[in-house]
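Okay, so here's the structure we're looking at.
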Amino acid sequence: MDRSRGAVFAAVALLVALPVAAQQGEAPPEMSPEEAAATAAWEAAATPGPEHERLAGMAGEWALTVSMWMQPGAEPVVSQASASRRMILGGRYLEEEVTGEFMGTEFVGRGLSGYDNVTGRHWGTWVDSASTALMESAGTWDEATSSLVMEGSYSDPMTGARVPFRSVLKVVSPDEEVYTSWETRDGQEVKTMEIVSRRK
C-alpha cells in the first residue's frame, strides 16, 4: 500500500474512532502530518455546506404540472403529478419521489440530488417505472438566474445511441419552480419537457 493511500485509510479510521474516544473520555490518537491533512480533507468533503442548505429549501410536498413534447412542434401532453422531497443522511442529499399518471398509466419516479464538495458540482440521478435505466446528470448553480443548469445523456430505447440532454431548474420563489429540459437529436436541440412545481 502506498503512503498516500495509507494516510487516507488512517484518516477514515480516525474519523470513526474520534467520536468513540470522546464518548469514552479517552484522548484522541495522535496523527502524523499526512494523517491530519487527510482527515481535514475528508471532513471538508463530508460536511454539508451552503449548497446543501439550498437543496434543503426544495424539500417538502409539491404539486406538479407536467408538459411533454413527443414530437417537435406538436402540442404537449399535459398531466398532473405530486412530488415528495426530503433531505437524507444528515442533510447531504435530497431524495425525491414523484407519483402521477401518464397517458392512462401510473407513473412513479425517484431522484437523488446532491452537491459534491470535492468537484464543486451538483449531480442528480433518476429512475422511474417507464424505464430500467439510470439517468445521471451534473452541472452548476447559476446565481444570476437562480437556476440549476445540468447536462447528461441517456440511451435511446429505439437505437441504443446516447442522447444528450440539458435541463434548467429555475427557482422562481421558495414555493414555485420551473424545470425545463431539451434533447439534442441530429445536431438540433429540441424542448421535450416542462414541469411547473408549486408547494402544497
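Descriptive notes on the structure:
- Filtered residue count, segment 159-175, keeping only those that are of a type in the set (D, E, K, R) and within 18 Å of the chain's Cα centre (by Cα): 2
- Only one entry of Ala59, Ala83 meets the criterion of being in contact (Cβ under 8 Å) with a residue 40 or more places away in the chain and among the small types (Gly, Ala, Ser), and that entry is Ala83.
- Residues satisfying the stated conditions in segment 72-93, i.e. surrounded by 12 or more Cβ atoms within 10 Å (Cβ to Cβ) and within 13 Å of Ser197 (Cα to Cα): Ser79, Ala81, Ser82, Ala83, Ser84, Arg85
Per-residue answers, yes or no, for (1) over 22 Å from Ala81 (Cα atoms); (2) touching a Pro at 6+ places or on another chain (Cβ under 6 Å); (3) modelled with pLDDT of 95 or more; (4) of a type outside the set (Ser, Thr, Tyr):
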{"residue": "Met103", "(1), (2), (3), (4)": "no, no, no, yes"}
{"residue": "Gly139", "(1), (2), (3), (4)": "yes, no, yes, yes"}
{"residue": "Lys170", "(1), (2), (3), (4)": "no, no, yes, yes"}
{"residue": "Glu176", "(1), (2), (3), (4)": "no, no, yes, yes"}
{"residue": "Tyr179", "(1), (2), (3), (4)": "no, no, yes, no"}
{"residue": "Gln188", "(1), (2), (3), (4)": "yes, no, no, yes"}
{"residue": "Met193", "(1), (2), (3), (4)": "no, no, yes, yes"}
{"residue": "Arg199", "(1), (2), (3), (4)": "no, no, yes, yes"}
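- Selection from segment 115-129 of residues that are touching a Ser or Thr at 6+ places or on another chain (Cβ under 9 Å) and surrounded by 12 or more Cβ atoms within 10 Å (Cβ to Cβ): Asn117, Arg121, His122, Trp123, Gly124, Thr125, Trp126, Ser129
- Boolean, Lys191 is surrounded by fewer than 16 Cβ atoms within 10 Å (Cβ to Cβ), touching a residue at least 40 places away in the same chain (Cβ under 8 Å) and closer than 24 Å to Glu75 by Cα: yes
- Restricting attention to segment 57-71, the residues being among the polar types (S, T, N, Q) and either surrounded by 13 or more Cβ atoms within 10 Å (Cβ to Cβ) or in contact with a strand residue (DSSP E or B) (Cβ under 8 Å, 6 or more places away or on another chain) (or both) number 2.
- Test: Glu96 is among the acidic types (Asp, Glu), crowded, with 16+ Cβ neighbours inside 10 Å and under 21 Å from Glu176 (Cα atoms): yes
The values are calculated or read from the model by the stated rules, or taken from the named source; none is laboratory data. Keep in mind it's a predicted model, so treat the numbers as computed, not measured. Methodologically, a virtual Cβ is constructed for each residue, glycine included, from the backbone with ideal geometry; neighbour enumeration extends over all protein chains shown.
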